[in-house]
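These notes are about the structure you will find just below.
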Amino acid sequence: MPKTISSFELTLKSRSRHQTLTNWLYGELRSVILDGRLAPGTRLPSSRDFASQYELSRGTVVSVLERLQAEGYVTSRIGFGTVVNRVEAPRSARRATTTPAYIRRVISTYKPPQSWIDQAFAGGIRPFRIGAPAINEFPSEVWGRIAADRARNFRPWLKEESDRRGYRPLRDAIAEYLRTSRGVRCTAEQIVIVSGIQQALDLLARLLLKKGDPIWMEDPGYFGVRVAFENAEARIIAVPVNDEGLSVSAGIKLCPDAKGAYVTPAHQFPLGATMSLERRMALLSWAAGAGAFVIEDDYDSEYRFEGPPVPALQSLDHHASVIFIGSFSKTLFPALRVGYVVLPAPLVDPFLGFRYRTDFRNSSFDQAVLCDFIVDGHMARHLRRMRNLYAERLTILMDGARQHLGGLLEISNVRAGLYTIGYLKNGMSSRRAEELAAAKGVEVLAVDRCTLRGPDPKALLLGFGGFDESAIRQGLIRLARALS
């Protein structure tokens, strides 16, 4: 049985006026053992420390511990102290299992998010889970040195954090990075640090939309934004997508007076298309004329493996219509919960005021470490290296698919991002293919989980970023067996 030392003061109930100290202490210790507050294997403080902590005589404590040992609740050995035994609580001592009324009310009205919530991810990451970068290739030693240095020099940099928008040096670094790599026109004052894309979407949806407000969404599109819009009780307008991106003309026909639109123009999720210049200009023209906003989700544009970088939609905006969001989850590692929102200047204060209702500030320490990682040039070097690595892994996936999946799955020729899409050629539905793949130990995402009103695209998403050549090839062999 593992041993742990109870280093925290144990809260005991007050003693009744007619109860002896010995009976009170015995009853309380027996109760916390039966309730599981003192887990089996926990080592109790010495009788001297226990007596001092609760202002009791040592003799009282010793007599109680001896009684508990005699009854089997604890075991005492010279040199090892007193350890809590594993004890089955009697039925009368067990807690009531009746669910409180307030929990029953929540359960009766709770509706889980649609389409993706029931997907079961097994323990560990298996090919071809999407959103999994190559964690093993991250320069963790460099990150660790920066974090250690920041921790040793804690006070000086912490005093700089006084802006609710986030750590100012980090916002400066992000602004420079976005201006250089994405063509985003912004200053540090327009950037607000958040915990990631999903928090950004949730805050924007609840700030910008009221119950019943119509909002354009790509169909098929990112399921996370659907959750955000549904939480805001907005009316989602499913706008079809093709190889030029969101169809603005279709959106205008469906709902010309929508309050806004959500798009992934650099690398449409999940189809992978890049929005054409004509569509971009049409979207901005509609937004300016309708007084609508556009949320541009730039979730993985750093990883484009052929052709010149695609400028952000925001770089073409002259009417403060576009709100640009991004994060470092895929460029660095998912556990780093740091994202950003680039807002039109007049919207910064309302956004901060709304965010302040639920989140006073985010992690300054992580922001400071990330700032140093960017400013010292480590992120640029990491991105260059990973871009080459991911391009190689995508090539391996595409070549392997032609070898093993001919007639079963046709891989898209889009060379960008950390996932690719494959179109089923065997007549199988997306969901059925996903289920069969899972049975063979392969994780693929059925694209019909991303659809709103459109038909099943009969396609699968395959993530390749987090898997080496051997894992990719073995995964393709298992996938071929599943789809045959």
*Once you list every other residue whose beta carbon is under 11 Å from the beta carbon of F467, what net charge do they have if Lys and Arg are +1 and Asp and Glu are -1?*
+1
*At 4 °C and 1.567 mPa s, what whole-number value in µm²/s does Stokes-Einstein give for the translational diffusion of the stretch 290-444, with Rh from the Kirkwood sum over Cα pairs?*
68
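Over all pairs of distinct alpha carbons, what does the Kirkwood formula give as the hydrodynamic radius of the stretch 135-226, in Å?
Details: mean 1/r = 0.0600 Å⁻¹.
After inverting the pairwise mean of 1/r, the radius is 16.7 Å.
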*Extension gain from I107 to D35, taking 0.36 nm per residue of separation minus the Cα-Cα distance*: 23.3 nm
*With Cα atoms, 0 to 90° folded angle of helix 378-404 axis to the chain main axis*: 70
_Taking R0 as 56 Å, what FRET efficiency do you get between F80 and D456 from their Cβ-Cβ distance, rounded to the nearest 0.05?_
0.30
*Could you give me the ³J(HN,Hα) list for the stretch 168-175, computed from phi with Karplus coefficients 6.51, -1.76, 1.60 and θ = phi - 60°, whole Hz, x at Gly and Pro?*
4, x, 5, 5, 4, 5, 5, 4
*asked:* Longer than 29 Å from Cα to Cα, which of K211/K253; K259/K458; K253/K330; K111/K425 are they? Say none if no pair is.
replied: K259/K458; K253/K330; K111/K425
_Efficiency of FRET between L254 and E278 - r from beta-carbon atoms, R0 22 angstrom, step 0.05_ = 0.70
*For the stretch 265-327, just the Cα atoms, rotate onto the principal axes and tell me the three extents in Å, largest first.*
35, 25, 20
*Taking the Cα atoms of the stretch 212-328, what is the range of coordinates along each of the three principal axes, in descending order and whole Å?*
41, 28, 24
*When every alpha-carbon pair in the stretch 303-369 is counted, what percent end up more than 18 Å apart?*
56
_Which of A480, P457, L394, positive extreme of dipole for the chain (C-beta unit charges)_ = A480
*Taking amide H positions as placed 1.01 Å from N in the peptide plane, with prolines and chain starts having none, which residues 5 or more places from T42, or on another chain, fall under 5 Å of its amide H?*
T4, V84
*Carbon plus sulfur fraction of accessible area for the chain, probe 1.4 Å, in percent*: 52
*Taking H as built 1.01 Å from N, whose amide H comes closer than 5 Å to the amide H of V322, not counting residues under 5 places away?*
V294
*Determine the dipole magnitude for the stretch 281-326: charges of +1 sit on the beta-carbon of Lys and Arg, -1 on that of Asp and Glu, nothing else is charged, the reference point is the Cα centre, and the result goes in debye to the nearest 20.*
200
*For Q69 and S14, what is the calculated FRET efficiency with R₀ set at 35 Å and r taken between the beta-carbons, to the nearest 0.05?*
0.85
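Report the gain in length on full extension from Q53 to D399: 0.36 nm times residue separation, minus Cα-Cα distance, nm rounded to one decimal.
Here the segment from Q53 to D399 would lengthen by 117.6 nm.
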*Which value, in Å², gives the accessible area per residue of the stretch 212-313 when a 1.4 Å probe is used on the protein heavy atoms?*
35
*Given +1 on the Cβ of Lys and Arg, -1 on the Cβ of Asp and Glu, and no further charges, what dipole in debye does the stretch 199-261 carry about its Cα centre, rounded to the nearest 20?*
300
*Length added when fully stretched, D468-D149, from 0.36 nm per residue minus Cα-Cα*: 111.6 nm
*Quick one: which residues, 5 or more positions from N242 or on another chain, have an amide H under 5 Å from its amide H? H modelled 1.01 Å from N in the peptide plane, none for Pro or chain starts.*
S247
*What list of ³J(HN,Hα) values in whole Hz, one per residue of the stretch 12-25 in order, does the Karplus curve 6.51 cos²θ - 1.76 cosθ + 1.60 (θ = phi - 60°) give from phi, with Gly and Pro shown as x?*
10, 5, 5, 7, 5, 4, 9, 9, 6, 4, 5, 5, 5, 5
*Taking only protein heavy atoms into account and a 1.4 Å probe, give the accessible area per residue of the stretch 373-484 in Å².*
42
*Compute log10 of I(q)/I(0) for the chain with the Debye formula, placing one identical point scatterer on every Cα and leaving out solvent, at q = 0.09 Å⁻¹, to two decimals.*
-0.78
*Can you give the calculated 222 nm mean residue ellipticity of the chain, where each DSSP H run of n ≥ 4 adds -39,500 (n - 2.57) and the sum is split over every residue, rounded to the nearest 500 deg cm²/dmol?*
-12000 deg cm²/dmol
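The values are calculated or read from the model by the stated rules, or taken from the named source; none is laboratory data. Remember, it's a predicted structure, so these values are computed and weren't measured experimentally. Note: ideal-geometry Cβ built from the backbone for every residue, glycine included; neighbour counts use all protein chains shown. Note: areas computed on protein heavy atoms with side chains; ligands, DNA, RNA excluded. Shrake-Rupley method; radii C 1.70, N 1.55, O 1.52, S 1.80 Å.
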